[in-house]
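Quick notes on the structure that follows.
The values are calculated or read from the model by the stated rules, or taken from the named source; none is laboratory data. Nothing here was measured: the structure is a model prediction, and the numbers come from that model. Reconstructed Cβ throughout: ideal geometry from the backbone, glycine too, with neighbour counts over all protein chains shown. Accessible surface is based on the protein model in full, side chains and every heavy atom, while ligands, DNA and RNA are left aside. Shrake-Rupley method; radii C 1.70, N 1.55, O 1.52, S 1.80 Å.
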Amino acid sequence: MDPVLAFVIFALGLAFGSFLNVCIYRLPRGLSVVRPGSACPNCEQPIRFYDNIPLLSWLLLGGRCRNCKARISPRYLLVEALTGVLFLACYAHFGFTLAMQKYCALGFLLLGLIFTDAETHLLPDKMTLPGLLLGLGFSLVVPVNDVASQLLPGLVSLPVSSDVSWHLLSLMDSALGAVVGASFIYGAGAIYLRARGVEGMGFGDVKLMAMIGAFLGMKLTIFTLFTASIAGSACGLWTVFAVWVKRTRRRIARHHESVPQARRRAWESATIALRRHQMPFGVFLGSMAMLAFFFGNQFLRWYWGLL
């Protein structure tokens with residue numbers, strides 16, 4: 001990597017991360033991300049430009065507002081750092097290419113949606129729907145190396161030039177990934193609703209998966225769905241286990257119940273708590289999508305090599 005270019009890309013990532021924090025805070029509240037300028041959520045005083053420098057300002061101010069001394073969430077620092085590192089990782093992995101720009105854009109959107117879903121359980125349309133269109137658009141200039149583009153040229157002879165055929169196949173992969181991703185999440189949510197009588201997934205997850213599919217194509221979309229399901233299930237099981245252990249100890253200490261009785265009642269309580277807890281599945285979908293565009297193809301090649 002060119003160290004100067006790498007520094008510029010990292011700094012650009014920090015700047016985009018600073019803007020992403022504005023989106024994470026304002027979009028779920030229906031506020032404009034352009035006007036007014038940045039202000040402290042507590043005292044509502046405008047933030048001066050020298051207090052709005054990515055990473056440095058938060059560190060120099062000790063994570064507090066200069067005016068009212070209210071604590072500023074470390075999420076601001078984390079999002080800026082992660083966006084800078086993500087942009088740098090895209091440059092290292094894809095080089096200074098259109099592919100780098102494509103995955104920087106996807107990573108930017110995914111980070112914003114991950115943190116928004118984690119904080120508010122919302123996935124704003126103003127990020128997912130433009131992201132869907134952007135993914136489809138990028139497929140015309142950056143090839144989606146996926147199932148359709150690998151299989152169809154040998155099966156179908158399109159009545160156009162090879163260059164046009166490549167663009168059409170790439171767009172087809174992108175559209176197919178969007179449809180497969182959105183359909184899977186919509187179908188899973190409908191089944192859960194019919195079986196349990198409560199909504200398990202909202203339309204925000206459907207739109208998020210359509211956006212991811214448009215960027216990644218069908219093969220990596222399936223990889224994302226599979227790994228996100230495993231990660232979400234593991235997190236759910238760990239949550240149940242942690243709550244079970246905590247409530248077992250509490251029942252023994254407070255109610256002086258026997259260990260078997262405390263475990264049984266704590267388990268019933270833990271499973272009820274899990275059913276009532278709304279897990280932000282968008283966090284797992286977004287995280288696994290980022291894993292997919294960096295390492296998905298390598299993992300799938302390794303996996304198929306074992307068969």
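Within segment 11-31, one or more residues are in a loop (DSSP other than H, G, I, E, B) and over 20 Å from Thr83 (Cβ atoms). State yes or no: is Glu199 open to solvent by less than 60 Å² (accessible area, probe 1.4 Å), at pLDDT below 85, acidic (Asp, Glu) and outside any helix (DSSP H, G or I)? Here the answer is no, as Glu199 does not meet what is asked. Here is the figure for segment 32-46: residues that are in contact with a Cys (Cβ under 8 Å, 6 or more places away or on another chain), under 15 Å from Ser73 (Cα atoms) and either of a type in the set (A, V, I, L, M) or part of a strand (DSSP E or B) (or both) total 0. Does Ala15 meet the test of being surrounded by 15 or more Cβ atoms within 10 Å (Cβ to Cβ), without any contact (Cβ under 8 Å) to a residue 40 or more places away in the chain and among the aliphatic types (A, V, I, L, M)? Against the criterion (surrounded by 15 or more Cβ atoms within 10 Å (Cβ to Cβ), without any contact (Cβ under 8 Å) to a residue 40 or more places away in the chain and among the aliphatic types (A, V, I, L, M)), Ala15 qualifies. Scanning segment 99-135 for residues that are under 15 Å from Met290 (Cβ atoms) and among the basic types (Lys, Arg) returns a single hit, Lys102.
Among the residues of segment 83-129, those that are open to solvent by 40 Å² or more (accessible area, probe 1.4 Å), of a type outside the set (S, T, N, Q) and under 19 Å from Arg26 (Cβ atoms) comprise Ala118, Glu119, His121, Leu122, Asp125, Lys126, Leu129.
Got at least one residue in segment 259-273 being closer than 30 Å to Phe94 by Cα and in a helix (DSSP H, G or I)? For segment 259-273, residues closer than 30 Å to Phe94 by Cα and in a helix (DSSP H, G or I): absent. In segment 82-111, the residues that are of a type in the set (Lys, Arg) reach residues that are open to solvent by less than 20 Å² (accessible area, probe 1.4 Å) and not in a helix (DSSP H, G or I) with C-beta atoms within less than 8 angstrom, at least six apart or across chains, in these pairs: Lys102/Val142.
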